[in-house]
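The next block holds one structure in the form of structure tokens; read it before the comments.
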Amino acid sequence: MTRGAVVLALTPRGLPRQNDHRPFSGDWLANTRAWLIGRNLPAMRAFDILRSLDWLAARPDVDPASIRAMARDVAGVWLLMAAALDSRLTRIWIDRTPHSLRAALERPLHENLHAAVIPGFCLKWDLDNLRQAISPRNVLWTDPTDWMEKVVPIAGDFRYRGFDEGDERILDEWMH
């Protein structure tokens with residue numbers, strides 16, 4: 001059997017969330033419900049990614065050594081968590097994902113922080129530590145943002161698009 005590209009477009013639990021017209025609260029309701037049963041929603045969403053990885057790897061038309069994943073916005077945090085736990089994710093691309101959890105704690109306003117924070121994680125680690133845990137696997141991080149969803153120029157291994165550059169060129173490079 002010839003193996004080709006199989007694409008899974010995953011929508012983790014609780015998404016898409018309803019627009020409650022409160023831009024700074026993020027997924028507070030879904031998070032509160034998770035906390036009430038002793039769970040953490042970002043970790044549950046990373047678990048959803050891992051279960052989808054199991055499903056893909058079990059398919060006869062998928063090469064388990066070539067599974068890649070892409071996430072945009074705060075979903076990039078969940079993908080970093082999943083990739084740090086499972087080496088079957090061979091290449092990672094996160095786009096317009098906040099570059100640091102600590103950066104959110106240093107500012108008075110943020111969007112979607114509830115959708116990314118695991119209690120106690122920020123006491124010792126940050127997102128760059130997840131990236132290091134994934135190494136030596138490739139993590140392509142494009143247009144990192146702050147917690148107000150603004151692209152920020154920061155030092156490090158990040159890639160920035162030109163003003164009118166879309167995803168096509170980056171996707172082509174990432175796939176090959």
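The values are calculated or read from the model by the stated rules, or taken from the named source; none is laboratory data. Since the model is a prediction, treat every value here as computed from it, not as a measurement. Neighbour counts run over all protein chains shown; Cβ positions are idealised from the backbone, glycine included.
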Inset, instruction - Starting from the range 147-174, keep only residues that are assigned to a helix (DSSP H, G or I), then list their pairs with residues that are of a type in the set (K, R) whose Cβ atoms are within a distance under 8 Å, requiring at least 6 positions of separation or different chains. - result: I170/R159; I170/R161; W174/R68; W174/R91
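Rundown of residues vs (1) part of a loop (DSSP other than H, G, I, E, B); (2) more than 13 Å from the chain's Cα centre (by Cα); (3) in contact (Cβ under 8 Å) with a residue 60 or more places away in the chain, yes/no style:
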| residue | (1), (2), (3) |
| --- | --- |
| P12 | yes, no, yes |
| A34 | no, yes, no |
| A69 | no, no, no |
| A82 | no, no, no |
| R102 | no, yes, no |
| P108 | yes, yes, no |
| I118 | yes, yes, yes |
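State all residues of the range 124-176 that are in contact with a Lys or Arg (Cβ under 6 Å, 6 or more places away or on another chain) and among the acidic types (D, E); if no residue qualifies, say none.
Going through the range 124-176, the residues in contact with a Lys or Arg (Cβ under 6 Å, 6 or more places away or on another chain) turn out to be 126, 138-139, 142-143, 145.
Result: D126, D143.
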Inset, instruction - May I ask you to verify whether P42 is within 16 Å of D73 (Cβ to Cβ) and either surrounded by 13 or more Cβ atoms within 10 Å (Cβ to Cβ) or modelled with pLDDT of 85 or more (or both)? - result: yes
Legend entry - the range 46-71, subset at pLDDT below 95 and among the basic types (K, R), residue farthest from D146 (Cα to Cα): R59
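Can you confirm whether I92 is closer than 30 Å to V62 by Cβ, out of contact with any strand residue (DSSP E or B) (no Cβ under 6 Å at 6 or more places or on another chain) and surrounded by 18 or more Cβ atoms within 10 Å (Cβ to Cβ)?
Values: closer than 30 Å to V62 by Cβ: yes; out of contact with any strand residue (DSSP E or B) (no Cβ under 6 Å at 6 or more places or on another chain): no; surrounded by 18 or more Cβ atoms within 10 Å (Cβ to Cβ): yes.
For I92, the condition - closer than 30 Å to V62 by Cβ, out of contact with any strand residue (DSSP E or B) (no Cβ under 6 Å at 6 or more places or on another chain) and surrounded by 18 or more Cβ atoms within 10 Å (Cβ to Cβ) - is not met.
Of all residues in the range 98-117, count the ones that are over 9 Å from V74 (Cα atoms) and surrounded by 17 or more Cβ atoms within 10 Å (Cβ to Cβ).
From the range 98-117, those over 9 Å from V74 (Cα atoms) are 99-111, 114, 117; that's our starting set.
Cutting the leftovers down to surrounded by 17 or more Cβ atoms within 10 Å (Cβ to Cβ) gives us 99-101, 103-104, 110-111, 114, 117.
Residues meeting the conditions: 9.
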